[in-house]
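Here's the structure we're looking at; comments come further down.
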There are 2 protein chains.
Amino acid sequence: MSLVYLNGQWQRPEEAAVSVFDRGFLFADGIYEVVPFYQGYPLEFEAHFARLENSLQAINIPNPHTQTEWLSICQTLAEGIANANAIIYIQVTRGAEYPRQHLPSNSLTPTVMATASAWTPPETTAPPVRVELMDDIRWLRCDIKSISLLGNILLKQQAAQCGAFEPILQRAGRITEGASCNYFMVKNGVLFTPPKDNLILPGITRDWVLSLAHQCGIPVEEQAFSVDDLMQADECFLTSSTREVQPVGFIGETAIANAKLGPITEQLAQAFRMSRPQGPALA
Amino acid sequence: MSLVYLNGQWQRPEEAAVSVFDRGFLFADGIYEVVPFYQGYPLEFEAHFARLENSLQAINIPNPHTQTEWLSICQTLAEGIANANAIIYIQVTRGAEYPRQHLPSNSLTPTVMATASAWTPPETTAPPVRVELMDDIRWLRCDIKSISLLGNILLKQQAAQCGAFEPILQRAGRITEGASCNYFMVKNGVLFTPPKDNLILPGITRDWVLSLAHQCGIPVEEQAFSVDDLMQADECFLTSSTREVQPVGFIGETAIANAKLGPITEQLAQAFRMSRPQGPALA
């Protein structure tokens with residue numbers, strides 16, 4: 001049965017509620033994580049925990065749980081899903097405070113919420129999708145995995161209105177990322193992806209794919225590339241926890257790799273499926 | 001008694017709660033308004049309603065209430081506060097949806113929340129405060145009064161850590177606004193404030209002060225000014241619903257107007273107090 005963990009209690013999704021004065025609801029004053037579980041085993045749990053810590057530190061919220069406690073919460077949630085193939089969602093906000101005031105008090109108790117949703121890891125590489133090039137209107141701390149996501153939502157909506165799978169965002173001509181994914185391109189056998197800085201989320205799947213590329217002997221450059229570079233790429237794909245490696249066939253009306261699945265994309269997607277976790281998260 | 005209006009019901013603050021799957025809580029997918037009431041009468045209610053409409057339109061949420069309905073809700077809340085001097089807070093989110101997904105369904109019912117807090121309109125012009133110059137790291141749709149406010153909160157926290165009353169934000173050397181206020185400067189008898197564009201919130205108090213300046217015969221320029229311009233200003237003040245006209249004495253360590261209350265600032269602060277609403281909001 002699907003459950004919600006909320007501040008130490010296990011609740012049904014329809015009953016789990018927070019105060020309207022929770023700073024997550026009033027100010028987007030919180031952060032989140034998404035951890036994919038494969039038949040009960042999480043991918044890169046320590047990396048997810050480290051990013052959770054970084055996000056919390058960046059906005060000055062103490063981590064309410066140890067790594068072991070977080071893992072236990074996530075595992076319990078995953079076990080409520082058939083085959084324990086689950087996407088675990090974790091959210092921590094600064095807590096509730098009445099009356100509303102921008103500057104938070106120091107003594108608030110963080111609100112902790114976590115939930116699971118059913119998920120089927122892709123069995124084969126998905127067909128190429130079309131993405132839409134759009135201006136990156138978001139803030140300058142995209143490295144924090146914050147719930148302050150209205151910009152991402154608006155961009156996602158606009159892309160969907162264009163019939164696109166995802167936006168691909170550019171800032172001053174440089175590709176950053178998607179609304180909920182990272183991007184890669186291949187040119188002359190070299191794999192490129194934007195470097196980790198304040199303009200992109202440091203994706204766990206992104207890093208996992210980079211390590212797979214190293215293992216496969218594919219040359220990698222973590223460096224900024226332009227819209228023009230992208231339009232002349234040999235291959236393009238996006239990565240996310242739920243999509244793993246998702247080929248891109250069109251950017252707007254421009255076909256990439258003749259809108260077919262490219263060989264390096266396929267190699268990495270296969271390598272990803274082979275590398276899925278098959279054992280406990282922590283030693 | 002202080003109350004919360006939530007989706008058609010009147011509740012006590014400690015019992016008012018929303019689903020953890022409300023998109024306001026998960027994605028900051030919503031907007032808000034703040035309306036000051038003076039002894040039961042709102043300042044510029046129609047302007048607040050118009051801005052609420054603009055914010056909702058910008059993020060594709062239908063307005064759940066007419067202007068008359070919103071006024072009725074706000075008035076009922078204000079009457080729960082002593083002397084009906086009240087700050088009314090309104091929030092509308094896209095509604096709740098389970099399980100969590102970035103792209104919203106079309107059929108959601110918006111969540112409507114409103115509450116009041118007690119407030120004492122300033123009796124005299126407040127002493128000048130110190131503000132801290134900081135980089136504006138926020139998104140590029142600051143004209144939407146959205147609840148996606150983590151950037152504002154972080155900037156407010158950092159300013160407070162410097163002992164400052166508010167941040168004063170700059171983007172590429174140009175002054176934008178504060179974390180929850182607009183800024184003005186006076187130079188050679190002319191009143192300057194940044195123009196309404198995507199980089200600032202179109203403040204109702206800002207517009208009210210501009211109309212007062214016109215009435216007082218003070219020349220006004222709505223145009224961008226730089227950090228250098230600001231540092232050489234004769235006077236500087238900020239405006240917000242709760243502070244009306246708040247003099248600024250220091251920007252970082254730099255004194256403005258010898259850190260004293262300047263004559264045009266005082267004239268406008270007085271004019272504001274004289275212009276407070278004393279009658280019904282709508283004809």
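Taken together, the values in this text are just the output of simple stated rules run on the coordinates, not laboratory data. Note that this is a predicted model, so its numbers are computed, not measured. We place every Cβ from the backbone using ideal geometry, glycine too, and count neighbours over all the protein chains shown.
P(r) for segment A:202-258, from all Cα pairs and a bin width of 10 Å, is 20, 48, 31, 1 %, short bins first. With each run of n ≥ 4 DSSP H residues scored as -39500 (n - 2.57), what mean residue ellipticity at 222 nm is computed for the protein assembly as shown after dividing by its residue count and rounding to the nearest 500 deg cm²/dmol? Value at 222 nm, helices only, nearest 500: -8000 deg cm²/dmol. Taking the number of Cβ atoms within 10 Å of each Cβ as an exposure proxy, the fewest-first ranking of A:Trp70, B:Trp119 is B:Trp119, A:Trp70.
Here segment A:129-274 yields Rg over Rh of 0.93, to two decimals, using C-alpha coordinates and the Kirkwood radius. A Förster distance of 45 Å, applied to the separation of the beta-carbon atoms of B:Asn60 and A:Met274, puts the FRET efficiency at 0.60.
Let me know the shape class of segment B:4-143, please: from the alpha-carbon gyration tensor, a ≥ b ≥ c as square roots of the eigenvalues, rounded when a/c is under 1.5, otherwise prolate if a/b is greater than b/c, or oblate. Verdict is oblate for segment B:4-143. When only alpha carbons of chain B are considered, Rg and Dmax amount to 19.3, 58 Å.
Just tell me how shielded A:143-149 is by partners: mean number of partner chain Cβ atoms within 10 Å of each residue's Cβ, no decimals. Mean shielding count: 5. Here the dipole of chain B is about 260 debye; that uses its Cα centre as origin and unit charges on the Cβ of Lys and Arg (positive) and Asp and Glu (negative).
Loop-located GluC sites (Glu not before Pro) in segment B:222-268 (DSSP state not H, G, I, E or B) with no more than 11 neighbouring Cβ atoms inside 10 Å: B:Glu253. Counting neighbouring beta carbons within 10 Å and listing from fewest to most, the residues A:Val209, B:Val227, A:Val4, A:Val34 come out as B:Val227, A:Val34, A:Val4, A:Val209.
Considering only alpha-carbon pairs that sit under 8 angstrom and 6 or more positions apart, the relative contact order computed for chain A is 20 percent.
What does the charge count near A:Thr239 come to, summing +1 for each Lys or Arg and -1 for each Asp or Glu among other residues with Cβ under 12 Å from its Cβ? With Lys, Arg at +1 and Asp, Glu at -1, the neighbours total -2.
If you take all other residues with their beta carbon under 10 Å from the beta carbon of A:Lys196, and give Lys and Arg +1 and Asp and Glu -1, the sum is -3. For B:Cys162, the shell of other residues with beta-carbons less than 15 Å away shows a net charge of -2, using +1 for Lys and Arg and -1 for Asp and Glu. Size check on segment B:100-166: the Cα extents along the three principal axes, sorted descending, read 50, 32, 20 Å. Once you've got the GNM for chain B with C-alpha springs shorter than 10 Å, pick whichever of B:Thr109, B:Thr125, B:Thr193 has the biggest mean-square fluctuation. Maximum among the listed residues: B:Thr109.
Taking the Cα centre of segment B:4-118 as reference, the dipole from Cβ charges on Lys and Arg (+1) and Asp and Glu (-1) amounts to some 240 debye.
With N the number of residues in the protein assembly as shown, Rg(Cα) / (2.2 N^0.38 Å) evaluates to 1.03.
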